[in-house]
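Asks: Structure provided below as structure tokens; questions to follow.
The values are calculated or read from the model by the stated rules, or taken from the named source; none is laboratory data. Note that the structure is a prediction, hence the values are computed from the model and not measured. Cβ sites come from the backbone with ideal geometry, for glycine too, and all protein chains shown count toward neighbours.
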Amino acid sequence: MSVNPMAYEAQFFGFTPQTCMLRIYIAFQDYLFEVMLVVESVILKKLDGFPGCKISPLQIRKSTEKFLLFMKEHLDKLFSKMEEVLLQLVLNIPKNVLLPEDKVHEQYPYSKEQLEALQDEIHQLQKQYRAEASAGQALRAELEEQKAVQAELEKILQWFDGLENTCREHGTGNFKESFAFLTQNAKRLQDVLKDVEEKSKKIK
Amino acid sequence: FDELIVETTTKRKQWPKKILMHAIQTMKAEQE
Amino acid sequence: EAAAPGRAQMFATVVDTFLEKLVAAGSYQRFANCYRCFYKLQPEMTRSIYDQFISQLQASIKEEIQEVKNEGNLETVFNSLDKIVEEAKNREEPAWRPSGIPEEDIRSAMVPYLLKHRSYLQKILKEKEEENRKVAESVLAGRDRIAELQQQIQARKHAWQAISKEQRELVMTFKEP
């Protein structure tokens, strides 16, 4: 006969129902024995008060054993009935009942594969997050770099501005135009010079 | 046998919480 | 319909019934019959010894039951089990039971926290992606800005180079051929 360890009940009660019943049975049995011994000792003591009486202690012992045997048989019969009822109706957890600490199995009946898939997904997310985080760092690093580069480039542009302002301060509004004007004048001067030279040659 | 059953079922009742505490600590540490 | 008796009450009823039947089995007749010789000698004494026997036995058994109830806190435990059973009354099929393989059984206990962890990771990943998207936009804008500045500088540089070229040509024209 396979023993039903009633493990789920033990998980709930903190003891196995059978052990609980065994303990009660042994206690009852001990009490019955004890109280029978008391009965016998009381009767023997009472008999001491009748010295002429022919009842021997052995007779009383036999009577005790007879009554004890009878009571023990009934105790066993009644107790096994009681045990059966208690194990079935009181100290048991019906098949359809789930203990509170196990509720999670009802809500998340995950197979091994499902759990592994979930864990893979988490690892994937962690990897993605790390990638995003380092990408973010790289982007911010470039932003910093851009600030420095932009500052340098703006400095150069300011330098050009400074150059042109200098020209402007010295009468040459737009340097390019004034340079063109200068070039024109220079050319005209050259022409005049050439002209003067030719005339002076003629005069000689 | 009886002690074994009580010991085993006590673990079944208590240890998931203990294990979870560690798992949650790990996750929290990772989140931090 | 009267509510089914709770476990605590059922326990008490069953024990009381057991005790009644045990006492009924061990009747005075039976007792006097076994101690016939003493009964003949002292019938009243026999009766009083029997009565004490029964009350002592009942008291011991009740005391033991009370002790077991106290030790196991059975009253409270029975009531809470009644509640748990009551909550499951609409379920027909057998409920989950430990598989005997701890690694398997711990799995489901982990799942809710893993799911929470997953949604946390999804949330911060989304935030990080959004944040990076914004930073990437500024980086692109910065790159455009730099390109623009470089173009401006190129333009200015070429303009000055053009002037200095004309300048050189001009100077050339003044040099003796």
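Asks: Could you list, in sequence order, the residues of the range C:46-76 that are over 17 Å from A:V35 (Cβ atoms), at the interface with chain A (Cβ under 10 Å from one of its Cβ atoms) and of a type in the set (V, I, T)?
Replies: The one that is over 17 Å from A:V35 (Cβ atoms), at the interface with chain A (Cβ under 10 Å from one of its Cβ atoms) and of a type in the set (V, I, T): C:V68.
Asks: Consider A:A10 against the criteria (1) surrounded by 20 or more Cβ atoms within 10 Å (Cβ to Cβ); (2) part of a loop (DSSP other than H, G, I, E, B); (3) more than 7 Å from chain C (Cβ to nearest Cβ); (4) not charged (D, E, K, R): it satisfies all of them except one. Which criterion is unmet?
Replies: Among (1) surrounded by 20 or more Cβ atoms within 10 Å (Cβ to Cβ); (2) part of a loop (DSSP other than H, G, I, E, B); (3) more than 7 Å from chain C (Cβ to nearest Cβ); (4) not charged (D, E, K, R), the lone unmet condition for A:A10 is (2).
Asks: Among residues belonging to the range A:60-111 that are within 7 Å of another protein chain (Cβ to nearest Cβ) and charged (D, E, K, R), point out the one that is farthest from C:L57 (Cα to Cα).
Replies: A:E106
Asks: What pairs come up if the first residue lies in the range A:180-204 and is surrounded by 10 or more Cβ atoms within 10 Å (Cβ to Cβ), the second is in a helix (DSSP H, G or I) and of a type in the set (F, W, Y), and their beta carbons are under 9 Å apart, counting only those six or more places apart or on different chains?
Replies: Correct list of pairs: A:A186/C:F174; A:Q190/C:F174.
Asks: Would you point out which residue out of A:K81, A:K72, A:K127 is part of a helix (DSSP H, G or I) and loosely packed, with under 12 Cβ neighbours inside 10 Å?
Replies: Going through A:K81, A:K72, A:K127 in turn, just one is part of a helix (DSSP H, G or I) and loosely packed, with under 12 Cβ neighbours inside 10 Å: A:K127.
Asks: Considering each of C:S119, C:S80 in turn, give the residue that is assigned to a helix (DSSP H, G or I) and loosely packed, with under 12 Cβ neighbours inside 10 Å.
Replies: C:S119
Asks: Do we have any residue at all in the range A:93-103 that's in contact with a helix residue (DSSP H, G or I) (Cβ under 6 Å, 6 or more places away or on another chain), part of a helix (DSSP H, G or I) and under 30 Å from C:K83 (Cα atoms)?
Replies: Yes: the range A:93-103 contains one or more residues that are in contact with a helix residue (DSSP H, G or I) (Cβ under 6 Å, 6 or more places away or on another chain), part of a helix (DSSP H, G or I) and under 30 Å from C:K83 (Cα atoms).
Asks: Of all residues being crowded, with 17+ Cβ neighbours inside 10 Å and not hydrophobic (A, V, I, L, M, F, W, C) in the range C:7-29, which is nearest to A:S41 (Cα to Cα)? Just the residue, please.
Replies: C:G26
Asks: Take A:K147 and tell me if it is part of a helix (DSSP H, G or I), farther than 21 Å from C:M110 by Cα, facing chain C (nearest Cβ under 9 Å) and not β-branched (V, I, T). Step through it out loud before you land on a result.
Replies: Numbers: part of a helix (DSSP H, G or I): yes; farther than 21 Å from C:M110 by Cα: yes; facing chain C (nearest Cβ under 9 Å): yes; not β-branched (V, I, T): yes.
The answer is yes for A:K147.
Asks: Considering A:S56, A:S63, which residue is more than 21 Å from A:A10 (Cα to Cα) and buried (at least 17 other Cβ atoms within 10 Å of the Cβ)?
Replies: The unique qualifying residue is A:S63.
Asks: Shifting gears a bit: Look at C:V139 and say whether it is in contact with a helix residue (DSSP H, G or I) (Cβ under 6 Å, 6 or more places away or on another chain) and of a type outside the set (D, E).
Replies: yes
Asks: Out of the residues in the range B:1-30 that are more than 11 Å from chain A (Cβ to nearest Cβ) and not aliphatic (A, V, I, L, M), which is farthest from C:D105 (Cα to Cα)?
Replies: Checking each candidate, the answer is B:K28.
Asks: Separate question: Name every residue in the range A:45-101 that is more than 25 Å from A:P5 (Cβ to Cβ) and β-branched (V, I, T), in order of residue number.
Replies: A:I55, A:I60, A:T64
Asks: Within the range C:16-42, how many residues are touching a residue at least 12 places away in the same chain (Cβ under 8 Å) and more than 7 Å from chain A (Cβ to nearest Cβ)?
Replies: 4
Asks: Which one of the conditions (1) at the interface with chain A (Cβ under 7 Å from one of its Cβ atoms); (2) under 30 Å from B:T8 (Cβ atoms); (3) of a type in the set (A, V, I, L, M, F, W, C) does C:L149 fail to meet, given that it meets all the rest?
Replies: Among (1) at the interface with chain A (Cβ under 7 Å from one of its Cβ atoms); (2) under 30 Å from B:T8 (Cβ atoms); (3) of a type in the set (A, V, I, L, M, F, W, C), C:L149 violates only (2).
Asks: Of the residues that sit in the range C:119-142 and are more than 7 Å from chain A (Cβ to nearest Cβ) and over 31 Å from the mean Cα position of the chain (by Cα), which one is farthest from A:E142 (Cα to Cα)?
Replies: C:E130
Asks: While we're on this one: Exactly one of (1) more than 18 Å from the chain's Cα centre (by Cα); (2) modelled with pLDDT of 95 or more is unmet by C:K69. Its number?
Replies: Every condition holds for C:K69 apart from (2).
Asks: Oh, and also: Restricting the search to the range A:15-33, which residues are within 7 Å of another protein chain (Cβ to nearest Cβ) and either in a loop (DSSP other than H, G, I, E, B) or over 19 Å from C:K62 (Cα atoms) (or both)?
Replies: The answer is A:F15, A:T16.
Asks: Here is a follow-up. Looking at A:M36, A:M21 in this structure, which one is of a type in the set (A, V, I, L, M, F, W, C), at negative phi and touching an Asp or Glu at 6+ places or on another chain (Cβ under 6 Å)? Before you say what the answer is, go through the steps one by one.
Replies: On the way: A:M36 fails: touching an Asp or Glu at 6+ places or on another chain (Cβ under 6 Å).
Testing whether each residue is of a type in the set (A, V, I, L, M, F, W, C), at negative phi and touching an Asp or Glu at 6+ places or on another chain (Cβ under 6 Å) leaves just A:M21.
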